[in-house]
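Have a look at the structure below before the remarks.
The values are calculated or read from the model by the stated rules, or taken from the named source; none is laboratory data. Given the structure is predicted, the values throughout are model-derived calculations rather than measurements. Here Cβ is always computed from backbone atoms with ideal geometry, including for glycine, and neighbour counts include all displayed protein chains. Note: areas computed on protein heavy atoms with side chains; ligands, DNA, RNA excluded. Shrake-Rupley method; radii C 1.70, N 1.55, O 1.52, S 1.80 Å.
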Amino acid sequence: MYSAASSASPPPPPRRDFISVTLSPGGALEGAAAIGGSGYNNSKAWRRRSCVRKWKQLSRLQRSVILFLFAFLAVCGVITYANMADPWKSLTNRSSEEQKTYPEIPGLKPANQAVLPIPQKANAHLGDLSLQKPPKQLPARRGPPNLQIRPPWRDTRLNPQQGVANGELSQSAKEHKTEKSAISWRGAVIEPDQSMEPPSNKIKEPDKPSPVEFEDPKEPVPLNERQMAVIEAFRHAWKGYKEFAWGHDELKPISKSFSEWFGLGLTLIDALDTMWILGLKEEFEEARKWVATDLNFDKNVDVNLFESAIRILGGLLSAYHLSGDSLFLEKAKDIGSRLMPAFNTPSRIPFSDVNIGRGTAHPPRWTSDSTVAEVTSIQLEFRELSRLTGEDKFQNAVDGVMKHVHSLAGKNDGLVPMFINTNSGQFTHLGVYTLGARADSYYEYLLKQWIQGGKKENELLEDYVKGVEGVKMHLLRKSQPRRLTFVGELAHGRFSAKMDHLVCFLPGALALGAHNGLPADHMALAVELAETCYQMYAQMETGLSPEIVHFNMHAQKDRKDVDIKMADRHNLLRPETVESLFYLYRFTGDKKYQNWGWEILQSFNKYTRVPAGGYTSINNVQSTSNPEPRDKMESFFLGETLKYLFLLFSDDVDLINLDKYIFNTEAHPLPIWPSA
């Protein structure tokens with residue numbers, strides 16, 4: 001109901017909606033809608049006010065939880081920084097120190113986490129070195145630890161009479177003559193006729209080793225009286241060699257002269273790492289000088305492949321690893337290359353002899369066979385030479401031999417015959433099985449190659465375990481009256497109670513295998529056999545073992561366990577028993593093994609020591625009045641026997657740590673390869 005006057009009034013102006021936009025000088029966009037209230041501001045100040053507003057909107061419990069979490073994270077950060085700062089700082093300092101200590105060497109290509117140190121000239125730092133304990137290992141670390149080079153230089157001068165019994169020897173000696181048809185095996189003379197593909201594990205290394213991380217030097221481990229006695233014995237032997245046979249192969253201490261086998265200074269090279277381990281600084285430096293100036297392999301001379309590999313190549317490689325002196329690696333590569341023609345046969349089973357000057361090889365004069373131990377006991381050395389030089393040819397050659405032997409027929413429950421033909425590549429003289437001469441180190445090197453390569457080559461382990469089982473099945477017997485466990489021989493199904501002293505390597509190998517995870521009964525057998533090998537000494541009038549014994553298997557009144565034939569009663573200063581005593585003591589801690597070794601050393605001093613210098617093998621271990629000196633000191637007396645005695649008497653388990661090093665069959669320690 002409107003009045004006429006109202007209906008006649010003009011209409012109101014139309015309503016307008018609008019949006020205003022204002023650009024601030026800082027470029028921020030501010031806007032206000034006609035229908036809205038407050039505007040939006042994206043500045044930092046606005047964001048701070050928004051966060052504070054949201055924080056105040058939280059409950060007290062929510063704010064407390066958030067503050068607690070922030071405080072917890074801050075505490076964790078402080079603790080982490082404290083734990084990481086020192087190691088990183090130490091690592092940085094160590095790297096700078098190593099760059100100063102180990103200058104760059106021409107031709108050396110560095111690599112990360114290598115096992116071996118940069119080679120250095122030994123005479124540049126010998127006087128500043130001391131015994132060290134190895135670095136502590138992180139519990140979660142897998143594989144063998146980095147090697148620590150342990151140069152144990154210290155003053156070891158002592159009274160020559162301290163701790164030993166000095167025995168007088170008759171100057172009369174009988175010359176030991178060998179028939180032309182005889183074979184020499186580890187110093188023994190043996191008639192030629194006796195009735196009786198692992199997985200590739202090549203480690204690619206640079207041309208030369210690279211540096212490792214070094215721990216701070218530790219205090220030297222004091223020497224005990226027995227170790228000092230070994231040092232005195234070594235110095236007495238070295239005195240005779242230096243005075244009467246310097247640079248020649250072997251000393252003849254009675255006649256004060258020398259004998260030559262290869263004309264390559266065998267005794268000197270064999271003794272290099274022994275001098276280093278015993279801490280004999282002056283003697284080592286003098287011997288190193290001879291190697292640098294006088295050792296020459298460019299000679300028209302035939303050498304035995306096996307003996308040259310284990311004594312010369314192994315000795316040089318070991319001296320290189322212990323001292324870091326590249327001279328020894330250069331010489332090792334030289335002799336290793338000169339031995340390679342031995343593998344140029346139709347079967348790739350190597351010849352036994354090589355002319356290192358002419359580059360030719362040939363079998364023995366009387367046969368085309370090589371002994372199984374000869375061709376399967378050079379692998380540790382050639383494999384290590386390949387790893388150090390980066391040249392695969394050395395390892396390929398010896399790995400091919402092992403692959404071939406693995407697949408051969410003619411084994412008897414893992415036991416192998418003694419001979420193999422270089423033309424056909426087949427076993428010969430089938431039916432004769434022994435762990436003595438010509439076969440012994442085949443079994444030893446199966447185990448040690450497996451350990452050397454990081455326990456990856458299962459075929460080697462398989463053959464070793466089968467061999468041990470074959471020994472248990474066919475060769476183990478008990479003697480009378482003391483029921484000593486011994487290892488005999490099998491010839492065409494007929495058992496012989498004959499046991500070479502060489503077989504006394506077996507307790508040590510069994511103990512080493514058990515230490516590396518093989519069945520516990522291996523260690524039990526090792527303990528029994530070690531007792532037998534000790535009795536081979538203890539039951540002799542001189543306290544020294546003969547070369548070969550025959551065990552009595554039937555109880556007879558007034559009979560000992562061992563019977564000795566006249567041709568077998570000589571002693572060549574062999575190391576096998578003290579080698580096994582060393583392993584058993586390392587793995588059991590039983591002091592009786594040290595005591596047994598001490599008795600053996602005293603017997604050596606009483607019946608084999610020559611007053612003018614040196615020790616001599618003897619012909620009759622059953623005669624205390626006339627042991628009949630043979631006028632010969634084998635190189636392995638210094639290279640093995642005295643070295644193992646010194647290590648046996650040490651309570652420092654890290655003196656040549658058996659989780660870092662593996663000994664070749666001439667007692668030269670070589671590194672266990674790192675895990676890939």
*Yes or no: Leu529 at pLDDT 95 or above, within 24 Å of Leu435 (Cβ to Cβ), part of a helix (DSSP H, G or I) and in contact with a Cys (Cβ under 9 Å, 6 or more places away or on another chain)?*
yes
*Tell me, please, whether a residue that is closer than 29 Å to Asn458 by Cβ, among the basic types (Lys, Arg) and surrounded by fewer than 24 Cβ atoms within 10 Å (Cβ to Cβ) can be found in the stretch 405-417.*
yes
_Of everything in the stretch 483-498, what is within 21 Å of Thr577 (Cα to Cα) and either open to solvent by 20 Å² or more (accessible area, probe 1.4 Å) or not charged (D, E, K, R) (or both)? Give them in sequence order._
Arg483, Leu484, Thr485, Phe486, Val487, Gly488, Ala497, Lys498
*Before we move on, is Ile672 among the hydrophobic types (A, V, I, L, M, F, W, C), open to solvent by 10 Å² or more (accessible area, probe 1.4 Å) and either within 15 Å of the chain's Cα centre (by Cα) or farther than 18 Å from Cys504 by Cβ (or both)?*
yes
*asked:* Considering only the stretch 573-589, I want to know if a residue exists there that is of a type in the set (Asp, Glu) and in contact with a Cys (Cβ under 7 Å, 6 or more places away or on another chain).
replied: yes
*So, of the residues in the stretch 331-380 that are assigned to a loop (DSSP other than H, G, I, E, B), more than 25 Å from the chain's Cα centre (by Cα) and of a type in the set (A, V, I, L, M), which turns out to be farthest from Ser424 (Cα to Cα)?*
Ile356
*Across the stretch 510-528, what is the total count of residues that are open to solvent by less than 10 Å² (accessible area, probe 1.4 Å) and out of contact with any Pro (no Cβ under 6 Å at 6 or more places or on another chain)?*
5
*Read through the list (1) on the phi > 0 side of the Ramachandran plot; (2) in a helix (DSSP H, G or I), then give the number of the only condition that Leu645 fails.*
(1)
*State whether one or more residues within the stretch 623-645 are among the basic types (Lys, Arg) and open to solvent by less than 10 Å² (accessible area, probe 1.4 Å).*
yes
*Hey, can you tell me all the residues within the stretch 422-441 that are part of a strand (DSSP E or B) and under 17 Å from Ser496 (Cα atoms)?*
Val432, Tyr433
_Looking only at the stretch 326-347, how many residues end up being surrounded by 23 or more Cβ atoms within 10 Å (Cβ to Cβ) and not hydrophobic (A, V, I, L, M, F, W, C)?_
2
*Does any residue of the stretch 359-366 turn out to be crowded, with 24+ Cβ neighbours inside 10 Å and of a type outside the set (Asp, Glu)?*
no
*Residues Asn605, Asn626: which one is more than 30 Å from Lys456 (Cβ to Cβ), over 22 Å from the mean Cα position of the chain (by Cα) and not in a helix (DSSP H, G or I)?*
Asn626
*Among what's in the stretch 574-595 and is surrounded by fewer than 24 Cβ atoms within 10 Å (Cβ to Cβ) and either of a type in the set (A, V, I, L, M, F, W, C) or not in a helix (DSSP H, G or I) (or both), pick the residue that is farthest from the chain's Cα centre (by Cα).*
Asp590
*With respect to the numbered conditions (1) surrounded by fewer than 24 Cβ atoms within 10 Å (Cβ to Cβ); (2) in contact with a Ser or Thr (Cβ under 7 Å, 6 or more places away or on another chain); (3) not small (Gly, Ala, Ser), which one is the sole condition not fulfilled by Trp290?*
(2)
*Scan the stretch 442-456 for residues that are part of a helix (DSSP H, G or I) and more than 11 Å from the chain's Cα centre (by Cα) and jot them down.*
Tyr442, Tyr443, Glu444, Tyr445, Leu446, Leu447, Trp450
*In the stretch 532-541, what residues are in a loop (DSSP other than H, G, I, E, B) and either farther than 16 Å from Val578 by Cβ or open to solvent by 20 Å² or more (accessible area, probe 1.4 Å) (or both)?*
Gln539, Glu541
_Members of the stretch 457-496 that are in a loop (DSSP other than H, G, I, E, B) and under 20 Å from His404 (Cα atoms)_ = Glu457
*May I ask you to list the residues in the stretch 445-475 that are open to solvent by less than 10 Å² (accessible area, probe 1.4 Å) and not aliphatic (A, V, I, L, M)?*
Tyr445, Lys448, Gln449, Gln452, Gly453, Glu457, Tyr464, Gly467, Gly470
*Is it fair to say Leu648 is surrounded by fewer than 24 Cβ atoms within 10 Å (Cβ to Cβ), hydrophobic (A, V, I, L, M, F, W, C) and more than 21 Å from Arg569 (Cα to Cα)?*
no
